[in-house]
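Contents: one structure, followed by commentary.
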Amino acid sequence: GFHAVLLAIRTSEAGFWPILLIPGVLLLHALRGKPRLALALGLLALVSLVSLSLLAVHFRFTDLHGRLDLWLNAVDQSHWLIGNGLGSFGERFQAVLKDLPLQWPVHWVYAENEYLQLFFEAGIPGLAAALLAAGYVLHLGWRALMAGRGTYILVPALWGESLHAATDFSFHLWPVVFAALLLMILMEASLDREPNHEGLHHTHHGGARHA
(Lines give C-alpha, C1' and ligand atoms only; values in the text may rest on other atoms or scores of the structure.)
Protein backbone atom coordinates (compact mmCIF):
# COMPACT_ATOMS: atom_id res chain seq x y z
CA GLY A 1 0.00 0.00 0.00
CA PHE A 2 2.85 2.38 0.84
CA HIS A 3 4.42 1.94 -2.59
CA ALA A 4 1.05 2.03 -4.34
CA VAL A 5 0.41 5.49 -2.88
CA LEU A 6 3.84 6.71 -4.00
CA LEU A 7 3.19 5.41 -7.48
CA ALA A 8 -0.34 6.81 -7.68
CA ILE A 9 0.62 10.36 -6.71
CA ARG A 10 3.76 10.18 -8.86
CA THR A 11 6.13 11.43 -6.17
CA SER A 12 8.43 8.45 -6.64
CA GLU A 13 9.05 5.65 -9.12
CA ALA A 14 9.81 3.34 -6.18
CA GLY A 15 6.44 1.67 -6.66
CA PHE A 16 7.58 0.07 -9.91
CA TRP A 17 10.07 -2.21 -8.16
CA PRO A 18 7.53 -4.03 -5.97
CA ILE A 19 5.15 -4.34 -8.92
CA LEU A 20 7.96 -5.79 -11.03
CA LEU A 21 8.90 -8.22 -8.25
CA ILE A 22 5.39 -9.48 -7.47
CA PRO A 23 5.21 -12.18 -10.23
CA GLY A 24 8.64 -13.55 -9.35
CA VAL A 25 7.88 -13.57 -5.62
CA LEU A 26 4.60 -15.42 -6.20
CA LEU A 27 6.43 -17.99 -8.34
CA LEU A 28 9.10 -18.54 -5.70
CA HIS A 29 6.43 -18.89 -3.03
CA ALA A 30 4.60 -21.46 -5.16
CA LEU A 31 7.86 -23.42 -5.51
CA ARG A 32 8.62 -23.43 -1.77
CA GLY A 33 8.15 -27.20 -1.76
CA LYS A 34 11.06 -27.42 -4.20
CA PRO A 35 13.64 -25.13 -2.53
CA ARG A 36 16.52 -26.05 -4.84
CA LEU A 37 14.56 -25.18 -7.97
CA ALA A 38 13.32 -21.97 -6.33
CA LEU A 39 16.87 -21.03 -5.32
CA ALA A 40 18.20 -21.70 -8.82
CA LEU A 41 15.48 -19.53 -10.39
CA GLY A 42 16.02 -16.81 -7.80
CA LEU A 43 19.77 -16.69 -8.41
CA LEU A 44 19.20 -16.68 -12.17
CA ALA A 45 16.84 -13.71 -11.83
CA LEU A 46 19.30 -11.84 -9.59
CA VAL A 47 22.25 -12.42 -11.93
CA SER A 48 20.13 -11.40 -14.93
CA LEU A 49 19.02 -8.19 -13.22
CA VAL A 50 22.56 -7.21 -12.26
CA SER A 51 23.94 -8.12 -15.70
CA LEU A 52 21.27 -6.20 -17.61
CA SER A 53 21.73 -3.19 -15.36
CA LEU A 54 25.50 -3.18 -15.92
CA LEU A 55 25.05 -3.55 -19.67
CA ALA A 56 22.54 -0.69 -19.77
CA VAL A 57 24.96 1.55 -17.89
CA HIS A 58 28.02 0.47 -19.86
CA PHE A 59 26.43 1.06 -23.26
CA ARG A 60 24.69 4.22 -22.05
CA PHE A 61 21.22 2.95 -22.78
CA THR A 62 20.32 5.23 -19.90
CA ASP A 63 22.18 7.75 -17.75
CA LEU A 64 19.50 7.43 -15.05
CA HIS A 65 18.62 11.11 -15.34
CA GLY A 66 22.22 12.21 -14.85
CA ARG A 67 22.96 9.87 -11.98
CA LEU A 68 25.62 7.90 -13.85
CA ASP A 69 27.98 10.87 -14.18
CA LEU A 70 27.25 11.78 -10.58
CA TRP A 71 28.25 8.29 -9.41
CA LEU A 72 31.41 8.21 -11.52
CA ASN A 73 32.50 11.46 -9.89
CA ALA A 74 31.64 10.21 -6.42
CA VAL A 75 33.66 7.01 -6.89
CA ASP A 76 36.70 8.99 -8.05
CA GLN A 77 37.71 10.21 -4.60
CA SER A 78 40.90 9.89 -2.58
CA HIS A 79 39.35 8.70 0.70
CA TRP A 80 37.90 5.42 -0.52
CA LEU A 81 39.45 3.43 2.38
CA ILE A 82 37.92 5.30 5.33
CA GLY A 83 35.58 7.73 3.57
CA ASN A 84 35.05 11.44 4.00
CA GLY A 85 32.97 11.24 7.17
CA LEU A 86 29.33 10.38 7.81
CA GLY A 87 26.95 13.06 6.60
CA SER A 88 29.68 14.78 4.59
CA PHE A 89 28.48 14.11 1.05
CA GLY A 90 26.69 17.41 0.56
CA GLU A 91 29.78 19.34 1.59
CA ARG A 92 32.65 17.18 0.36
CA PHE A 93 31.27 16.07 -3.02
CA GLN A 94 31.86 19.51 -4.52
CA ALA A 95 35.56 19.04 -3.80
CA VAL A 96 35.79 15.91 -5.98
CA LEU A 97 33.30 17.04 -8.62
CA LYS A 98 34.71 17.23 -12.15
CA ASP A 99 33.49 16.90 -15.75
CA LEU A 100 29.86 16.54 -14.77
CA PRO A 101 27.68 18.08 -17.49
CA LEU A 102 24.93 20.17 -15.94
CA GLN A 103 22.04 22.01 -17.51
CA TRP A 104 21.75 24.21 -14.43
CA PRO A 105 23.78 24.72 -11.21
CA VAL A 106 23.14 21.95 -8.72
CA HIS A 107 24.33 21.47 -5.16
CA TRP A 108 24.39 17.71 -4.74
CA VAL A 109 23.29 16.88 -1.20
CA TYR A 110 22.76 13.17 -1.82
CA ALA A 111 24.42 10.65 -4.12
CA GLU A 112 21.05 9.30 -5.34
CA ASN A 113 22.44 5.89 -4.35
CA GLU A 114 22.48 4.90 -0.69
CA TYR A 115 25.17 2.24 -1.14
CA LEU A 116 27.49 4.59 -3.02
CA GLN A 117 26.89 7.39 -0.54
CA LEU A 118 27.90 5.13 2.34
CA PHE A 119 31.05 4.25 0.38
CA PHE A 120 31.79 7.96 -0.14
CA GLU A 121 31.18 8.83 3.51
CA ALA A 122 32.41 5.71 5.33
CA GLY A 123 34.71 4.06 2.80
CA ILE A 124 35.00 0.31 2.46
CA PRO A 125 33.58 -0.40 5.96
CA GLY A 126 30.47 1.63 5.13
CA LEU A 127 29.96 -0.14 1.83
CA ALA A 128 30.46 -3.52 3.51
CA ALA A 129 27.84 -2.63 6.16
CA ALA A 130 25.38 -1.58 3.44
CA LEU A 131 25.89 -4.80 1.49
CA LEU A 132 25.50 -6.88 4.66
CA ALA A 133 22.22 -5.09 5.40
CA ALA A 134 21.03 -5.78 1.85
CA GLY A 135 22.05 -9.42 2.26
CA TYR A 136 20.05 -9.65 5.50
CA VAL A 137 16.97 -8.23 3.77
CA LEU A 138 17.39 -10.70 0.90
CA HIS A 139 17.76 -13.63 3.31
CA LEU A 140 14.82 -12.50 5.46
CA GLY A 141 12.57 -12.31 2.43
CA TRP A 142 13.74 -15.73 1.27
CA ARG A 143 12.96 -17.26 4.67
CA ALA A 144 9.48 -15.74 4.56
CA LEU A 145 8.86 -17.14 1.08
CA MET A 146 10.02 -20.63 1.97
CA ALA A 147 8.13 -20.69 5.29
CA GLY A 148 4.81 -20.12 3.54
CA ARG A 149 3.64 -17.65 6.18
CA GLY A 150 1.24 -14.86 5.26
CA THR A 151 3.93 -12.18 5.57
CA TYR A 152 5.51 -13.34 2.31
CA ILE A 153 3.26 -10.76 0.62
CA LEU A 154 5.50 -8.08 2.19
CA VAL A 155 8.58 -9.35 0.36
CA PRO A 156 8.10 -7.32 -2.87
CA ALA A 157 7.89 -4.06 -0.89
CA LEU A 158 10.96 -4.86 1.22
CA TRP A 159 13.11 -6.13 -1.65
CA GLY A 160 11.82 -3.36 -3.88
CA GLU A 161 12.93 -0.66 -1.45
CA SER A 162 16.39 -2.24 -1.21
CA LEU A 163 16.66 -2.05 -5.01
CA HIS A 164 15.26 1.47 -5.09
CA ALA A 165 17.98 2.57 -2.66
CA ALA A 166 20.51 1.99 -5.46
CA THR A 167 19.01 4.84 -7.50
CA ASP A 168 17.71 7.24 -4.87
CA PHE A 169 18.23 8.55 -1.33
CA SER A 170 15.15 6.78 0.07
CA PHE A 171 16.73 5.79 3.39
CA HIS A 172 17.45 9.43 4.18
CA LEU A 173 13.66 9.79 4.48
CA TRP A 174 12.44 8.73 7.92
CA PRO A 175 8.99 7.51 6.78
CA VAL A 176 10.70 5.08 4.40
CA VAL A 177 13.08 3.93 7.15
CA PHE A 178 10.22 3.34 9.58
CA ALA A 179 8.19 1.50 6.92
CA ALA A 180 11.13 -0.79 6.10
CA LEU A 181 11.81 -1.48 9.79
CA LEU A 182 8.13 -2.27 10.35
CA LEU A 183 8.13 -4.76 7.47
CA MET A 184 11.24 -6.48 8.83
CA ILE A 185 9.82 -6.65 12.37
CA LEU A 186 6.56 -8.15 11.10
CA MET A 187 8.40 -10.76 9.04
CA GLU A 188 10.78 -11.71 11.85
CA ALA A 189 7.87 -11.99 14.31
CA SER A 190 5.95 -14.18 11.89
CA LEU A 191 8.93 -16.49 11.38
CA ASP A 192 9.52 -16.71 15.15
CA ARG A 193 5.95 -17.94 15.59
CA GLU A 194 6.37 -20.68 13.00
CA PRO A 195 5.56 -24.06 14.61
CA ASN A 196 8.29 -26.62 14.97
CA HIS A 197 7.04 -29.22 12.48
CA GLU A 198 9.83 -31.61 13.34
CA GLY A 199 8.94 -31.47 17.03
CA LEU A 200 5.26 -32.04 16.27
CA HIS A 201 6.21 -34.97 14.06
CA HIS A 202 8.21 -36.67 16.82
CA THR A 203 5.51 -35.96 19.40
CA HIS A 204 2.88 -37.52 17.18
CA HIS A 205 4.87 -40.72 16.60
CA GLY A 206 5.90 -40.90 20.23
CA GLY A 207 2.25 -40.68 21.29
CA ALA A 208 1.34 -43.38 18.79
CA ARG A 209 4.01 -45.73 20.14
CA HIS A 210 2.92 -45.04 23.71
CA ALA A 211 -0.66 -45.87 22.80
Using the Cβ atoms and a cut-off under 15 Å, what net charge is assigned to the surroundings of GLY87, where Lys and Arg are +1 and Asp and Glu are -1?
-> -2
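Assigning unit charges at the beta carbon (Lys, Arg +1; Asp, Glu -1) and nothing else, what dipole magnitude in debye, to the nearest 20, does the range 124-196 show about its Cα centre?
On the way: 3 positive and 5 negative charges, 24 e Å.
Using only the charged Cβ atoms, the result is roughly 120 debye.
At R0 = 30 Å, how high is the FRET efficiency between TRP80 and ARG193 if r is their beta carbon distance? Nearest 0.05 is fine. Write down the numbers at each step before the final one.
Working: r = 44 Å, r/R0 = 1.45.
Taking R0 as 30 Å, the efficiency between TRP80 and ARG193 is 0.10.
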Heavy atoms of TRP80: accessible area, 1.4 Å probe, square angstrom to 10 | 120
PRE reach from LEU173 (point 7 Å along Cα→Cβ): which of the range 107-133 fall under 19 Å by backbone N?
-> 108-118
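The values are calculated or read from the model by the stated rules, or taken from the named source; none is laboratory data. Being a predicted model, the structure only gives us computed values, none of them experimental. Methodologically, a virtual Cβ is constructed for each residue, glycine included, from the backbone with ideal geometry; neighbour enumeration extends over all protein chains shown. Each accessible area value is taken on the protein alone, full model and side chains, heavy atoms only, with ligands, DNA and RNA left out. Shrake-Rupley method; radii C 1.70, N 1.55, O 1.52, S 1.80 Å.
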